[in-house]
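The values are calculated or read from the model by the stated rules, or taken from the named source; none is laboratory data. What you are looking at is a predicted structure, and each value in this text was computed from that prediction instead of being measured. For neighbour counting, all protein chains shown are included, and Cβ atoms are generated from backbone atoms with ideal geometry for every residue, glycine included.
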There are 2 protein chains.
Amino acid sequence: MPRHVDREERRHHVADALLRIIEREGLEAVSVRTVSAEAGCSVGAVQRYFRSKDEMLRFALETAITRAAGRMAEIRLGPGLMSFPDALRAAVVEYLPLDDGRLAESRIWAAFSARAVVDPTFRAVITGLDRPARDQLARVFAYAESVGELPAGHDHEALACLVIALMDGLMWSLLLRPAPEERSVHLAAVDAAVRSLTATVGRRAGGGAEPAP
Amino acid sequence: MPRHVDREERRHHVADALLRIIEREGLEAVSVRTVSAEAGCSVGAVQRYFRSKDEMLRFALETAITRAAGRMAEIRLGPGLMSFPDALRAAVVEYLPLDDGRLAESRIWAAFSARAVVDPTFRAVITGLDRPARDQLARVFAYAESVGELPAGHDHEALACLVIALMDGLMWSLLLRPAPEERSVHLAAVDAAVRSLTATVGRRAGGGAEPAP
DNA sequence: TCGTATTCGATACACCCGTATTCCTACGTG
DNA sequence: CACGTAGGAATACGGGTGTATCGAATACGA
(Lines give C-alpha, C1' and ligand atoms only; values in the text may rest on other atoms or scores of the structure.)
Protein backbone atom coordinates (compact mmCIF):
# COMPACT_ATOMS: atom_id res chain seq x y z
CA MET A 1 0.00 0.00 0.00
CA PRO A 2 1.40 3.34 -1.00
CA ARG A 3 1.07 6.49 0.92
CA HIS A 4 -2.06 6.86 2.89
CA VAL A 5 -3.65 9.83 4.59
CA ASP A 6 -5.85 10.21 7.62
CA ARG A 7 -9.26 9.77 6.06
CA GLU A 8 -11.20 11.10 9.01
CA GLU A 9 -9.01 14.14 9.25
CA ARG A 10 -9.56 14.92 5.57
CA ARG A 11 -13.28 14.47 5.85
CA HIS A 12 -13.37 16.93 8.69
CA HIS A 13 -11.22 19.32 6.74
CA VAL A 14 -13.76 19.30 3.92
CA ALA A 15 -16.70 19.45 6.32
CA ASP A 16 -15.16 22.48 8.00
CA ALA A 17 -14.89 24.23 4.66
CA LEU A 18 -18.53 23.40 3.98
CA LEU A 19 -19.63 24.77 7.34
CA ARG A 20 -17.65 27.96 6.77
CA ILE A 21 -19.54 28.48 3.51
CA ILE A 22 -22.89 27.90 5.19
CA GLU A 23 -21.95 30.30 7.93
CA ARG A 24 -20.86 32.95 5.44
CA GLU A 25 -23.31 32.58 2.54
CA GLY A 26 -25.91 30.04 3.53
CA LEU A 27 -26.74 26.53 2.41
CA GLU A 28 -27.63 27.61 -1.12
CA ALA A 29 -24.02 28.60 -1.72
CA VAL A 30 -22.81 25.09 -0.97
CA SER A 31 -21.75 23.21 -4.08
CA VAL A 32 -19.07 20.64 -4.65
CA ARG A 33 -17.03 23.28 -6.42
CA THR A 34 -17.36 26.03 -3.81
CA VAL A 35 -16.56 23.56 -1.04
CA SER A 36 -13.48 22.20 -2.77
CA ALA A 37 -12.28 25.73 -3.45
CA GLU A 38 -12.80 26.69 0.20
CA ALA A 39 -11.01 23.54 1.30
CA GLY A 40 -8.15 24.37 -1.04
CA CYS A 41 -8.32 21.23 -3.11
CA SER A 42 -9.89 19.91 -6.27
CA VAL A 43 -13.33 18.55 -6.92
CA GLY A 44 -11.88 15.09 -7.35
CA ALA A 45 -10.34 15.23 -3.90
CA VAL A 46 -13.62 15.88 -2.09
CA GLN A 47 -15.24 13.26 -4.27
CA ARG A 48 -12.74 10.71 -2.96
CA TYR A 49 -13.94 11.31 0.61
CA PHE A 50 -17.65 11.74 0.02
CA ARG A 51 -19.57 9.59 -2.41
CA SER A 52 -22.11 12.36 -3.00
CA LYS A 53 -22.94 15.89 -2.03
CA ASP A 54 -25.71 14.58 0.17
CA GLU A 55 -23.34 12.41 2.17
CA MET A 56 -21.05 15.39 2.56
CA LEU A 57 -23.90 17.52 3.89
CA ARG A 58 -24.99 14.83 6.32
CA PHE A 59 -21.46 14.44 7.62
CA ALA A 60 -21.12 18.19 8.04
CA LEU A 61 -24.42 18.34 9.90
CA GLU A 62 -23.33 15.57 12.23
CA THR A 63 -20.04 17.32 12.80
CA ALA A 64 -21.81 20.56 13.66
CA ILE A 65 -24.24 18.78 15.96
CA THR A 66 -21.49 16.90 17.75
CA ARG A 67 -19.66 20.13 18.46
CA ALA A 68 -22.75 21.98 19.63
CA ALA A 69 -23.77 19.04 21.79
CA GLY A 70 -20.33 18.97 23.31
CA ARG A 71 -20.59 22.60 24.25
CA MET A 72 -24.07 22.18 25.68
CA ALA A 73 -22.98 19.15 27.67
CA GLU A 74 -20.51 21.32 29.53
CA ILE A 75 -23.32 23.32 31.00
CA ARG A 76 -24.12 22.01 34.42
CA LEU A 77 -27.72 22.62 35.24
CA GLY A 78 -27.79 20.23 38.15
CA PRO A 79 -26.57 20.95 41.66
CA GLY A 80 -23.78 23.45 41.29
CA LEU A 81 -22.45 26.75 42.39
CA MET A 82 -25.32 28.84 41.07
CA SER A 83 -28.90 29.07 42.15
CA PHE A 84 -31.34 27.39 39.81
CA PRO A 85 -32.60 30.60 38.19
CA ASP A 86 -29.06 31.76 37.56
CA ALA A 87 -28.06 28.41 36.12
CA LEU A 88 -31.11 28.37 33.84
CA ARG A 89 -30.40 31.88 32.66
CA ALA A 90 -26.77 31.01 32.05
CA ALA A 91 -27.75 27.97 30.02
CA VAL A 92 -30.13 29.95 27.82
CA VAL A 93 -27.65 32.77 27.32
CA GLU A 94 -24.96 30.25 26.47
CA TYR A 95 -27.15 29.04 23.62
CA LEU A 96 -27.60 32.46 22.03
CA PRO A 97 -25.45 33.89 19.23
CA LEU A 98 -23.76 36.57 21.31
CA ASP A 99 -20.18 36.04 20.20
CA ASP A 100 -18.61 35.12 16.89
CA GLY A 101 -18.29 31.45 17.67
CA ARG A 102 -21.89 30.97 18.67
CA LEU A 103 -23.03 33.24 15.86
CA ALA A 104 -21.35 30.90 13.39
CA GLU A 105 -22.89 27.84 15.01
CA SER A 106 -26.30 29.45 15.06
CA ARG A 107 -26.19 30.37 11.39
CA ILE A 108 -25.26 26.80 10.57
CA TRP A 109 -27.97 25.46 12.82
CA ALA A 110 -30.53 27.79 11.27
CA ALA A 111 -29.63 26.75 7.76
CA PHE A 112 -29.96 23.06 8.55
CA SER A 113 -33.21 23.66 10.42
CA ALA A 114 -34.75 25.33 7.41
CA ARG A 115 -33.72 22.45 5.19
CA ALA A 116 -35.07 19.97 7.70
CA VAL A 117 -38.53 21.47 7.29
CA VAL A 118 -38.70 20.02 3.79
CA ASP A 119 -36.16 17.19 4.01
CA PRO A 120 -37.09 14.18 6.14
CA THR A 121 -33.49 12.96 6.40
CA PHE A 122 -32.27 16.15 8.04
CA ARG A 123 -35.44 16.37 10.07
CA ALA A 124 -34.77 12.94 11.53
CA VAL A 125 -31.29 13.98 12.62
CA ILE A 126 -32.55 17.15 14.25
CA THR A 127 -35.55 15.67 16.00
CA GLY A 128 -33.44 12.74 17.13
CA LEU A 129 -31.43 15.31 19.02
CA ASP A 130 -34.52 16.87 20.54
CA ARG A 131 -35.89 13.99 22.53
CA PRO A 132 -32.91 13.51 24.86
CA ALA A 133 -32.53 17.28 25.24
CA ARG A 134 -36.15 17.64 26.29
CA ASP A 135 -35.95 14.69 28.65
CA GLN A 136 -32.80 15.95 30.28
CA LEU A 137 -34.25 19.40 30.71
CA ALA A 138 -37.41 17.92 32.17
CA ARG A 139 -35.31 15.98 34.68
CA VAL A 140 -33.51 19.16 35.61
CA PHE A 141 -36.83 20.84 36.29
CA ALA A 142 -37.96 17.87 38.34
CA TYR A 143 -34.79 18.06 40.37
CA ALA A 144 -35.13 21.81 40.84
CA GLU A 145 -38.67 21.32 42.04
CA SER A 146 -37.61 18.55 44.41
CA VAL A 147 -35.11 20.81 46.12
CA GLY A 148 -37.53 23.69 46.25
CA GLU A 149 -35.92 25.91 43.64
CA LEU A 150 -38.84 25.65 41.25
CA PRO A 151 -42.48 26.04 42.28
CA ALA A 152 -44.44 22.81 42.20
CA GLY A 153 -47.31 22.11 39.87
CA HIS A 154 -45.57 22.54 36.54
CA ASP A 155 -45.67 20.04 33.71
CA HIS A 156 -41.96 19.48 33.35
CA GLU A 157 -42.10 18.20 29.79
CA ALA A 158 -44.10 21.24 28.73
CA LEU A 159 -41.63 23.43 30.55
CA ALA A 160 -38.73 21.78 28.73
CA CYS A 161 -40.50 22.21 25.40
CA LEU A 162 -41.13 25.83 26.30
CA VAL A 163 -37.55 26.60 27.23
CA ILE A 164 -36.13 24.90 24.14
CA ALA A 165 -38.56 26.79 21.91
CA LEU A 166 -37.66 30.00 23.66
CA MET A 167 -33.96 29.43 23.10
CA ASP A 168 -34.56 28.69 19.44
CA GLY A 169 -36.83 31.69 19.03
CA LEU A 170 -34.35 34.04 20.64
CA MET A 171 -31.60 32.57 18.51
CA TRP A 172 -33.56 33.27 15.31
CA SER A 173 -34.46 36.71 16.55
CA LEU A 174 -30.82 37.59 17.11
CA LEU A 175 -29.77 36.10 13.78
CA LEU A 176 -32.29 38.27 11.99
CA ARG A 177 -31.54 41.39 14.07
CA PRO A 178 -27.77 41.69 14.27
CA ALA A 179 -27.89 45.24 15.60
CA PRO A 180 -25.86 45.41 18.83
CA GLU A 181 -28.63 47.18 20.72
CA GLU A 182 -30.79 44.09 20.31
CA ARG A 183 -28.54 42.19 22.70
CA SER A 184 -29.74 43.98 25.78
CA VAL A 185 -33.39 43.56 24.85
CA HIS A 186 -32.90 39.86 24.36
CA LEU A 187 -30.97 39.50 27.59
CA ALA A 188 -33.78 41.30 29.36
CA ALA A 189 -36.22 38.91 27.72
CA VAL A 190 -34.26 35.93 29.01
CA ASP A 191 -34.25 37.52 32.42
CA ALA A 192 -37.99 38.10 32.38
CA ALA A 193 -38.63 34.54 31.24
CA VAL A 194 -36.42 32.95 33.88
CA ARG A 195 -37.85 35.14 36.62
CA SER A 196 -41.40 34.38 35.58
CA LEU A 197 -40.85 30.65 35.38
CA THR A 198 -39.04 30.33 38.66
CA ALA A 199 -41.21 32.74 40.61
CA THR A 200 -44.57 31.47 39.49
CA VAL A 201 -46.82 29.77 41.96
CA GLY A 202 -47.88 26.89 39.75
CA ARG A 203 -51.55 26.06 39.93
CA ARG A 204 -52.46 23.29 37.51
CA ALA A 205 -50.16 21.29 35.34
CA GLY A 206 -52.60 20.29 32.62
CA GLY A 207 -52.31 21.54 29.07
CA GLY A 208 -55.93 22.48 28.58
CA ALA A 209 -57.27 25.86 27.65
CA GLU A 210 -59.61 26.43 30.53
CA PRO A 211 -59.97 30.10 31.39
CA ALA A 212 -57.85 31.33 34.23
CA PRO A 213 -59.91 32.19 37.30
CA MET B 1 -53.95 49.86 -26.97
CA PRO B 2 -54.67 46.24 -27.65
CA ARG B 3 -55.94 43.70 -25.28
CA HIS B 4 -55.45 44.59 -21.69
CA VAL B 5 -54.69 42.27 -18.76
CA ASP B 6 -54.97 42.86 -15.04
CA ARG B 7 -51.28 43.07 -14.24
CA GLU B 8 -51.67 42.91 -10.49
CA GLU B 9 -53.91 39.89 -10.69
CA ARG B 10 -51.38 38.08 -12.86
CA ARG B 11 -48.55 38.94 -10.55
CA HIS B 12 -50.45 37.51 -7.63
CA HIS B 13 -51.30 34.42 -9.65
CA VAL B 14 -47.59 33.79 -10.22
CA ALA B 15 -46.69 34.68 -6.65
CA ASP B 16 -49.27 32.18 -5.39
CA ALA B 17 -47.69 29.46 -7.49
CA LEU B 18 -44.30 30.38 -6.09
CA LEU B 19 -45.58 30.25 -2.52
CA ARG B 20 -47.16 26.85 -3.15
CA ILE B 21 -43.80 25.53 -4.28
CA ILE B 22 -42.05 26.92 -1.21
CA GLU B 23 -44.70 25.40 1.01
CA ARG B 24 -44.40 22.02 -0.69
CA GLU B 25 -40.69 21.70 -1.50
CA GLY B 26 -38.89 24.67 0.01
CA LEU B 27 -37.16 27.70 -1.39
CA GLU B 28 -34.49 25.68 -3.17
CA ALA B 29 -37.12 24.21 -5.46
CA VAL B 30 -38.14 27.65 -6.71
CA SER B 31 -36.91 28.34 -10.22
CA VAL B 32 -38.42 30.36 -13.01
CA ARG B 33 -39.34 27.12 -14.75
CA THR B 34 -40.92 25.36 -11.77
CA VAL B 35 -42.91 28.47 -10.95
CA SER B 36 -44.20 28.93 -14.47
CA ALA B 37 -45.16 25.27 -14.61
CA GLU B 38 -47.01 25.54 -11.30
CA ALA B 39 -48.73 28.71 -12.50
CA GLY B 40 -49.71 26.91 -15.70
CA CYS B 41 -48.02 29.28 -18.10
CA SER B 42 -44.75 29.69 -19.94
CA VAL B 43 -41.45 31.08 -18.78
CA GLY B 44 -41.96 34.10 -21.00
CA ALA B 45 -45.25 34.91 -19.29
CA VAL B 46 -43.77 35.14 -15.82
CA GLN B 47 -40.86 37.10 -17.25
CA ARG B 48 -43.29 39.69 -18.53
CA TYR B 49 -44.54 40.36 -15.01
CA PHE B 50 -41.28 40.09 -13.11
CA ARG B 51 -38.08 41.56 -14.41
CA SER B 52 -36.02 38.96 -12.52
CA LYS B 53 -36.35 36.00 -10.21
CA ASP B 54 -35.28 38.20 -7.34
CA GLU B 55 -38.11 40.65 -7.93
CA MET B 56 -40.51 37.74 -8.10
CA LEU B 57 -39.28 36.41 -4.76
CA ARG B 58 -39.53 39.82 -3.13
CA PHE B 59 -43.07 40.26 -4.39
CA ALA B 60 -44.04 36.82 -3.13
CA LEU B 61 -42.52 37.58 0.27
CA GLU B 62 -44.45 40.82 0.50
CA THR B 63 -47.63 39.02 -0.51
CA ALA B 64 -47.11 36.40 2.18
CA ILE B 65 -46.32 39.04 4.77
CA THR B 66 -49.36 41.10 3.90
CA ARG B 67 -51.62 38.10 4.33
CA ALA B 68 -50.07 37.00 7.60
CA ALA B 69 -50.20 40.56 8.90
CA GLY B 70 -53.85 40.77 7.95
CA ARG B 71 -54.62 37.65 9.92
CA MET B 72 -52.64 38.83 12.91
CA ALA B 73 -54.37 42.20 12.81
CA GLU B 74 -57.69 40.47 13.37
CA ILE B 75 -56.54 39.30 16.76
CA ARG B 76 -57.81 41.70 19.36
CA LEU B 77 -55.51 41.76 22.31
CA GLY B 78 -56.96 44.92 23.78
CA PRO B 79 -60.10 45.18 25.90
CA GLY B 80 -62.36 42.43 24.72
CA LEU B 81 -64.43 39.49 25.75
CA MET B 82 -61.58 37.42 27.11
CA SER B 83 -59.40 37.92 30.12
CA PHE B 84 -55.89 39.02 29.32
CA PRO B 85 -54.26 35.63 29.88
CA ASP B 86 -56.82 33.96 27.65
CA ALA B 87 -56.39 36.58 24.96
CA LEU B 88 -52.62 36.23 25.08
CA ARG B 89 -52.85 32.48 24.89
CA ALA B 90 -55.27 32.72 21.98
CA ALA B 91 -52.95 35.08 20.12
CA VAL B 92 -49.97 32.78 20.53
CA VAL B 93 -51.94 29.69 19.55
CA GLU B 94 -53.29 31.52 16.54
CA TYR B 95 -49.74 32.01 15.35
CA LEU B 96 -48.80 28.32 15.48
CA PRO B 97 -49.00 25.85 12.58
CA LEU B 98 -51.88 23.82 13.96
CA ASP B 99 -54.01 23.60 10.83
CA ASP B 100 -53.19 23.26 7.15
CA GLY B 101 -53.49 26.96 6.40
CA ARG B 102 -51.19 28.09 9.14
CA LEU B 103 -48.86 25.19 8.44
CA ALA B 104 -48.46 26.46 4.88
CA GLU B 105 -47.87 30.01 6.05
CA SER B 106 -45.36 28.86 8.62
CA ARG B 107 -43.37 26.84 6.12
CA ILE B 108 -43.22 29.87 3.87
CA TRP B 109 -42.26 32.11 6.73
CA ALA B 110 -39.56 29.68 7.83
CA ALA B 111 -38.07 29.48 4.35
CA PHE B 112 -37.86 33.25 4.01
CA SER B 113 -36.46 33.59 7.52
CA ALA B 114 -33.63 31.26 6.72
CA ARG B 115 -32.86 33.18 3.56
CA ALA B 116 -32.99 36.45 5.49
CA VAL B 117 -30.15 35.28 7.71
CA VAL B 118 -27.76 35.57 4.77
CA ASP B 119 -29.62 38.04 2.52
CA PRO B 120 -29.81 41.65 3.75
CA THR B 121 -32.70 42.50 1.41
CA PHE B 122 -34.99 39.87 2.87
CA ARG B 123 -33.70 40.62 6.34
CA ALA B 124 -34.72 44.26 5.96
CA VAL B 125 -38.26 43.25 5.00
CA ILE B 126 -38.60 40.89 7.93
CA THR B 127 -37.09 43.15 10.56
CA GLY B 128 -39.13 46.05 9.23
CA LEU B 129 -42.12 44.00 10.26
CA ASP B 130 -40.72 43.31 13.69
CA ARG B 131 -40.51 46.81 15.08
CA PRO B 132 -44.22 47.65 14.89
CA ALA B 133 -45.16 44.19 16.13
CA ARG B 134 -42.95 44.54 19.16
CA ASP B 135 -44.20 48.05 19.86
CA GLN B 136 -47.82 47.04 19.59
CA LEU B 137 -47.30 44.06 21.86
CA ALA B 138 -45.49 46.26 24.35
CA ARG B 139 -48.44 48.65 24.34
CA VAL B 140 -50.78 45.74 24.96
CA PHE B 141 -48.70 44.71 27.96
CA ALA B 142 -48.71 48.27 29.23
CA TYR B 143 -52.47 48.40 28.89
CA ALA B 144 -52.89 45.04 30.61
CA GLU B 145 -50.72 46.24 33.44
CA SER B 146 -52.69 49.47 33.72
CA VAL B 147 -55.94 47.59 34.20
CA GLY B 148 -54.37 45.18 36.64
CA GLU B 149 -54.35 42.11 34.43
CA LEU B 150 -50.57 41.93 34.32
CA PRO B 151 -48.35 42.26 37.37
CA ALA B 152 -46.39 45.50 37.47
CA GLY B 153 -42.64 45.74 37.26
CA HIS B 154 -42.07 44.09 33.90
CA ASP B 155 -40.06 45.60 31.08
CA HIS B 156 -42.73 45.62 28.41
CA GLU B 157 -40.37 45.74 25.48
CA ALA B 158 -38.47 42.76 26.83
CA LEU B 159 -41.76 40.99 27.38
CA ALA B 160 -42.79 41.67 23.80
CA CYS B 161 -39.46 40.41 22.51
CA LEU B 162 -39.87 37.36 24.68
CA VAL B 163 -43.36 36.53 23.47
CA ILE B 164 -42.46 37.03 19.81
CA ALA B 165 -39.40 34.81 20.20
CA LEU B 166 -41.50 32.23 21.96
CA MET B 167 -44.06 32.20 19.13
CA ASP B 168 -41.31 31.80 16.56
CA GLY B 169 -39.59 29.10 18.55
CA LEU B 170 -42.78 27.12 18.99
CA MET B 171 -43.53 27.55 15.30
CA TRP B 172 -40.15 26.11 14.34
CA SER B 173 -40.53 23.33 16.85
CA LEU B 174 -43.86 22.29 15.37
CA LEU B 175 -42.54 22.55 11.82
CA LEU B 176 -39.70 20.19 12.67
CA ARG B 177 -41.88 17.83 14.72
CA PRO B 178 -45.03 17.19 12.73
CA ALA B 179 -46.11 14.26 14.90
CA PRO B 180 -49.67 14.89 16.14
CA GLU B 181 -48.79 14.12 19.74
CA GLU B 182 -46.48 17.14 19.75
CA ARG B 183 -49.48 19.43 19.58
CA SER B 184 -50.57 18.82 23.14
CA VAL B 185 -47.05 19.31 24.48
CA HIS B 186 -46.76 22.61 22.67
CA LEU B 187 -50.19 23.76 23.81
CA ALA B 188 -49.18 22.89 27.35
CA ALA B 189 -46.02 24.91 26.86
CA VAL B 190 -48.05 27.91 25.72
CA ASP B 191 -50.25 27.47 28.72
CA ALA B 192 -47.31 27.30 31.10
CA ALA B 193 -45.76 30.38 29.54
CA VAL B 194 -48.92 32.46 29.70
CA ARG B 195 -49.65 31.40 33.25
CA SER B 196 -46.11 32.16 34.37
CA LEU B 197 -46.03 35.56 32.73
CA THR B 198 -49.39 36.73 33.96
CA ALA B 199 -49.08 35.28 37.45
CA THR B 200 -45.61 36.51 38.23
CA VAL B 201 -45.09 39.18 40.79
CA GLY B 202 -42.58 41.24 38.91
CA ARG B 203 -39.70 42.54 40.94
CA ARG B 204 -37.17 44.38 38.82
CA ALA B 205 -37.31 45.21 35.17
CA GLY B 206 -33.59 45.44 34.42
CA GLY B 207 -31.73 43.06 32.17
CA GLY B 208 -28.86 42.40 34.52
CA ALA B 209 -27.65 39.06 35.76
CA GLU B 210 -27.73 39.69 39.47
CA PRO B 211 -28.41 36.54 41.46
CA ALA B 212 -31.96 36.00 42.53
CA PRO B 213 -32.42 36.36 46.28
C1' DT C 1 -60.60 45.98 -42.30
C1' DC C 2 -56.19 46.81 -41.48
C1' DG C 3 -52.37 47.78 -38.90
C1' DT C 4 -50.22 47.96 -34.41
C1' DA C 5 -49.27 47.24 -29.85
C1' DT C 6 -49.55 43.73 -26.36
C1' DT C 7 -49.50 39.14 -24.50
C1' DC C 8 -47.07 35.05 -24.24
C1' DG C 9 -44.98 30.75 -25.87
C1' DA C 10 -40.69 28.82 -27.83
C1' DT C 11 -36.15 28.77 -27.93
C1' DA C 12 -31.24 30.28 -27.66
C1' DC C 13 -27.39 31.35 -24.71
C1' DA C 14 -23.94 31.12 -21.34
C1' DC C 15 -23.17 29.38 -17.01
C1' DC C 16 -23.26 26.36 -12.93
C1' DC C 17 -24.64 22.00 -11.08
C1' DG C 18 -23.51 16.91 -9.45
C1' DT C 19 -21.28 13.03 -11.04
C1' DA C 20 -18.25 9.90 -13.79
C1' DT C 21 -14.10 9.20 -16.07
C1' DT C 22 -9.36 9.72 -17.09
C1' DC C 23 -4.74 10.43 -16.27
C1' DC C 24 -0.62 11.92 -13.90
C1' DT C 25 2.04 12.06 -9.65
C1' DA C 26 4.38 10.30 -5.75
C1' DC C 27 5.07 7.35 -2.25
C1' DG C 28 5.53 2.55 0.48
C1' DT C 29 6.94 -1.80 -0.39
C1' DG C 30 9.04 -5.76 -2.77
C1' DC D 1 15.63 0.70 -7.82
C1' DA D 2 11.29 -0.26 -9.84
C1' DC D 3 6.67 -1.42 -9.39
C1' DG D 4 1.90 -0.84 -8.18
C1' DT D 5 -1.38 1.70 -6.10
C1' DA D 6 -3.63 5.53 -3.44
C1' DG D 7 -4.18 10.54 -3.96
C1' DG D 8 -5.65 14.04 -6.37
C1' DA D 9 -6.20 17.11 -10.39
C1' DA D 10 -8.37 17.85 -14.84
C1' DT D 11 -11.95 17.33 -17.57
C1' DA D 12 -16.17 15.44 -19.88
C1' DC D 13 -21.14 14.98 -19.71
C1' DG D 14 -25.96 15.60 -19.30
C1' DG D 15 -29.04 18.52 -17.24
C1' DG D 16 -30.93 22.61 -14.86
C1' DT D 17 -30.35 27.67 -14.07
C1' DG D 18 -31.55 32.80 -15.07
C1' DT D 19 -32.02 35.79 -18.78
C1' DA D 20 -32.51 37.53 -23.67
C1' DT D 21 -34.51 37.24 -28.11
C1' DC D 22 -37.61 36.16 -31.55
C1' DG D 23 -42.34 35.01 -33.52
C1' DA D 24 -46.87 34.05 -33.55
C1' DA D 25 -51.27 34.88 -32.09
C1' DT D 26 -54.85 38.41 -30.46
C1' DA D 27 -57.86 42.39 -29.82
C1' DC D 28 -58.42 47.09 -29.96
C1' DG D 29 -58.39 51.97 -32.54
C1' DA D 30 -58.00 53.83 -37.07
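When residue B:112 is tested against (1) modelled with pLDDT of 95 or more; (2) over 21 Å from residue B:62 (Cα atoms); (3) part of a helix (DSSP H, G or I); (4) not small (Gly, Ala, Ser), only condition (2) is not met. Filtered by the rule that a residue be aliphatic (A, V, I, L, M) and within 14 Å of chain B (Cβ to nearest Cβ), the range A:1-42 gives A:19, A:21, A:22, A:27, A:29, A:30. Are there any pairs with C-beta distances below 7 angstrom linking a residue in the range A:124-143 that is among the polar types (S, T, N, Q) to a residue that is surrounded by 14 or more Cβ atoms within 10 Å (Cβ to Cβ), with the two at least 6 apart or on different chains, and if so which? From the range A:124-143, the pairs are A:127/B:176; A:127/B:177.
In the set B:85, B:97, only one residue is surrounded by 18 or more Cβ atoms within 10 Å (Cβ to Cβ) and not in a helix (DSSP H, G or I); that residue is B:97. Of all residues in the range B:4-29, those that are farther than 16 Å from residue B:106 by Cα have Cβ atoms under 7 Å from Cβ atoms of residues that are more than 15 Å from DNA strand C (Cβ to nearest atom) and among the aliphatic types (A, V, I, L, M), 6 or more apart or on another chain, in B:15/B:60; B:29/B:21. Of everything in the range A:37-71 that is among the aromatic types (Phe, Trp, Tyr) and more than 9 Å from DNA strand C (Cβ to nearest atom), the residue that is nearest to residue A:95 (Cα to Cα) is A:59. If I ask for residues that are farther than 25 Å from residue B:123 by Cα and among the small types (Gly, Ala, Ser), which ones from the range A:18-47 would you list? Selection gives A:36, A:37, A:39, A:40, A:42, A:44, A:45. Pairs are defined by a Cβ separation below 7 Å, a sequence spacing of at least 6 or placement on different chains, a first member in the range A:50-68 that is closer than 17 Å to residue A:108 by Cβ and touching a residue at least 40 places away in the same chain (Cβ under 8 Å), and a second member that is part of a loop (DSSP other than H, G, I, E, B) and within 16 Å of DNA strand D (Cβ to nearest atom); the pairs so defined are A:56/A:50; A:59/A:50.
In the range A:142-153, is there at least one residue being of a type in the set (D, E, K, R), part of a helix (DSSP H, G or I) and within 8 Å of chain B (Cβ to nearest Cβ)? No, the range A:142-153 contains no residue that is of a type in the set (D, E, K, R), part of a helix (DSSP H, G or I) and within 8 Å of chain B (Cβ to nearest Cβ).
Of the residues A:45, A:64, A:17, A:37, the single one that is assigned to a helix (DSSP H, G or I), among the aliphatic types (A, V, I, L, M) and within 10 Å of DNA strand D (Cβ to nearest atom) is A:45. Looking across the range A:123-140, the residues that are among the hydrophobic types (A, V, I, L, M, F, W, C) and modelled with pLDDT under 95 come down to A:125, A:126, A:129, A:133, A:137, A:140.
Residue check: is residue A:105 within 14 Å of chain B (Cβ to nearest Cβ), crowded, with 18+ Cβ neighbours inside 10 Å, more than 16 Å from DNA strand C (Cβ to nearest atom) and not small (Gly, Ala, Ser)? Yes; evaluated as a whole, the condition is true for this residue. Once the range B:112-121 is narrowed to residues that are touching a residue at least 60 places away in the same chain (Cβ under 8 Å) and within 14 Å of the chain's Cα centre (by Cα), the residue that is nearest to residue A:30 (Cα to Cα) is B:114.
Do we find that residue A:117 is within 16 Å of DNA strand D (Cβ to nearest atom) and at pLDDT 95 or above in this structure? Taking the combined requirement at face value, the residue does not satisfy it.
Every condition in (1) within 30 Å of residue A:134 (Cα to Cα); (2) within 14 Å of another protein chain (Cβ to nearest Cβ); (3) surrounded by 15 or more Cβ atoms within 10 Å (Cβ to Cβ) is met by residue A:54 except one, and the failing one is (3). Do we have residue B:123 as in contact with a Pro (Cβ under 8 Å, 6 or more places away or on another chain) and part of a helix (DSSP H, G or I) here? Taking the combined requirement at face value, the residue does not satisfy it.
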